[in-house]
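The values are calculated or read from the model by the stated rules, or taken from the named source; none is laboratory data. Source: prediction; values computed, not measured. Cβ coordinates were reconstructed from backbone atoms using ideal geometry, including for glycine residues, and neighbour counts include every protein chain displayed.
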Amino acid sequence: MKRLVSLSLLGAVLQLLIACQPSRPDGRVVVAARSRIDSVDPAAGFSFGAMQLLSALGDPLYAIDANGKLEPRLATAQPRLSPDRLTAWVPLRQGVRFHDGTRFDAAAMVFSLQRFLAIGKLSYLLGDRIASVRASGPYELELRLRRPFTALPQLLSAVNLTPLSPTAYRDHGKRFLNERFVGTGPYRLTFFNDQQQRLEPFPDYWGPAAANGGIDLVNLSNSTALYGALRSGEVDVLLSTSLEGDQQRSLHRSAAAGELREGVGPALEIGYLTLLTDQPPLKNPLVRRALAHSLDRELISERVSHGLRSPLRQLIPPSLPGSLPEAWPAFDPQKARALFRQAGYCNGQRLSLPLTFRSNIPADKLFALTWQGQLQRDLADCVRLEISGMESTTAYRQLGDGAFASILLEWMGDYPDADNYLIPLLSCDKGEGNRCIKGASAASGSFWTRPGLEADLRRSESLEGAERLALLRGLQRETAASSPYIPVWLVAPRAWAQTSLRLPVFDGSGRVVFSLLQKGTGR
């Protein structure tokens, strides 16, 4: 009965979506996802759903293609650097128009970047690295850097930094424009609310025209309803975001049988455990290392995701330079038992470890139950896992207060670079010994640092080549030895489409390229 009600709800939303337009032209594609988009302002949005939408409506200066290669988009070449690498000049594409007809040029780019610096929720992406921006010519952008920054082009590929029409945003330079977007992308936004958006092809787009007649994007919170809608043909494409594991496996099997098409993007999302290192019992590094050895990732991957989430033993996705595939120790219950004994457990005393999972994320609870059962099987005399659930928004608010002894979280960098995985977890503005008092490490709930770590993290941003790779790998080895975090799995985004559509294609940042969705029988 519950499933029928959910499907009825989705059907009602879809009927409303279709009813809002005079007729549904051939070639339009209905895309569904389990998300909610509260704002279409690049300065306000940061969720996966918002970034997916913005990637179809706007263009970055640079983009990462499906093979991980950086390519200019609104820029025409790589940045030119001054000898001291503190000034960068970016040549810009000419002949580009915003959706309202305003010309794109250096002044428009400066307006957009300064607006993001002023009000962006993720303004630190720019502010920590760029001191000022100005137009050094009609189609040349000048960036003054705070220090040499190797990953500047990757940073400028972040979709949050897509340019906005200075005409349309004239009165919103210091405040968000949540329900309207005017950019340069292949689609323009013609309808928006938190559950549905309508995208129409932009006829004056500077690049290749969209291969479809437009996109109707539906965002709902009910995984079962979305799954049923793809099965019934009510939607053309379904994104895997937060779809329950059993449903993903079912769709994966259907694609293998030729009943659906399955596109797979680059695996850039990591799942990891955060351990509270400044309070007993996890203040003891022996206990943290014992837990790192106690995690049977292969079993967890199979039980939770049926193998769709790969086991992970590092904080940097394997596809990025600087990764170190076996940085964290492998599952070894004998080694874990020896470490627990050194810490005073197993000999009649058992560690009771609280683990919090996000109750609205289906995979989290399955992970908690699986690990609890696995520890009972392998190390029952040493450790007992006490699991409890909490809604994710509430958990995030309490994370920096040290509220959780251990909690399962995930992270996906705003742009694909190794530092964008290490710095958000390890950076520390103020520390005392191995305890971080203020900074990203404290905000992430681990509170771990060591003297000189922040300087090494900043140095890694400015290094190049083999020297940078060696430092990144060394930082991972050092972090693994202390284990304030324990990597669990790696998530690749997926999209399933009806067989009447071509195979969904992802870009190198893990988002479906809407403009390539096309109805047709070819693959």
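Taken as a whole, the structure leaves residue 63 outside the set of residues that are closer than 23 Å to residue 500 by Cβ, surrounded by 18 or more Cβ atoms within 10 Å (Cβ to Cβ), of a type in the set (A, V, I, L, M, F, W, C) and under 17 Å from the mean Cα position of the chain (by Cα). Candidates are the residues of segment 425-465 that are free of Cβ contacts under 8 Å to residues at least 12 places away in the same chain and not acidic (Asp, Glu); the one that is nearest to residue 150 (Cα to Cα) is 465. Residues in segment 143-157 that are part of a strand (DSSP E or B) and buried (at least 17 other Cβ atoms within 10 Å of the Cβ): 143, 145.
Hey, could you check segment 158-180 for residues that are of a type in the set (A, V, I, L, M) and in a loop (DSSP other than H, G, I, E, B) and say which is surrounded by the most Cβ atoms within 10 Å (Cβ to Cβ)? The qualifying residue surrounded by the most Cβ atoms within 10 Å (Cβ to Cβ) is 164. Of the residues making up segment 197-206, those that are touching a residue at least 40 places away in the same chain (Cβ under 8 Å) and either in contact with a Leu (Cβ under 6 Å, 6 or more places away or on another chain) or closer than 13 Å to residue 58 by Cβ (or both) are 197, 199, 202, 206.
Could we say that residue 193 is more than 30 Å from residue 310 (Cβ to Cβ), within 23 Å of the chain's Cα centre (by Cα) and modelled with pLDDT under 95 here? Judged against the criteria, residue 193 is a match.
A search for C-beta distances below 6 Å between a residue of segment 175-196 that is without any contact (Cβ under 8 Å) to a residue 60 or more places away in the chain and in the same structural domain as residue 212 (by TED's automatic domain parsing) and any residue that is in a strand (DSSP E or B) and acidic (Asp, Glu), counting only pairs 6+ apart in sequence or on different chains, returns 190/200.
All told, residue 469 falls short of being crowded, with 20+ Cβ neighbours inside 10 Å and touching a Gly at 6+ places or on another chain (Cβ under 8 Å). Is segment 130-139 home to any residue that is of a type in the set (Ser, Thr, Tyr) and more than 30 Å from residue 468 (Cβ to Cβ)? Scanning segment 130-139, I find at least one residue that is of a type in the set (Ser, Thr, Tyr) and more than 30 Å from residue 468 (Cβ to Cβ), so the answer is yes.
Considering segment 313-349, the residues that are on the phi > 0 side of the Ramachandran plot and crowded, with 19+ Cβ neighbours inside 10 Å include one that is farthest from the chain's Cα centre (by Cα), namely 346.
Looking at residue 464, is it of a type in the set (Asp, Glu), surrounded by fewer than 17 Cβ atoms within 10 Å (Cβ to Cβ) and more than 27 Å from residue 42 (Cα to Cα)?
Numbers: of a type in the set (Asp, Glu): yes; surrounded by fewer than 17 Cβ atoms within 10 Å (Cβ to Cβ): yes; more than 27 Å from residue 42 (Cα to Cα): yes.
For residue 464, the condition - of a type in the set (Asp, Glu), surrounded by fewer than 17 Cβ atoms within 10 Å (Cβ to Cβ) and more than 27 Å from residue 42 (Cα to Cα) - is met.
Among the residues that make up segment 76-84, is at least one of them farther than 25 Å from residue 459 by Cα and buried (at least 20 other Cβ atoms within 10 Å of the Cβ)? No: segment 76-84 contains no residue that is farther than 25 Å from residue 459 by Cα and buried (at least 20 other Cβ atoms within 10 Å of the Cβ). Summed over segment 202-217, the residues that are buried (at least 19 other Cβ atoms within 10 Å of the Cβ) and not aliphatic (A, V, I, L, M) give a count of 5.
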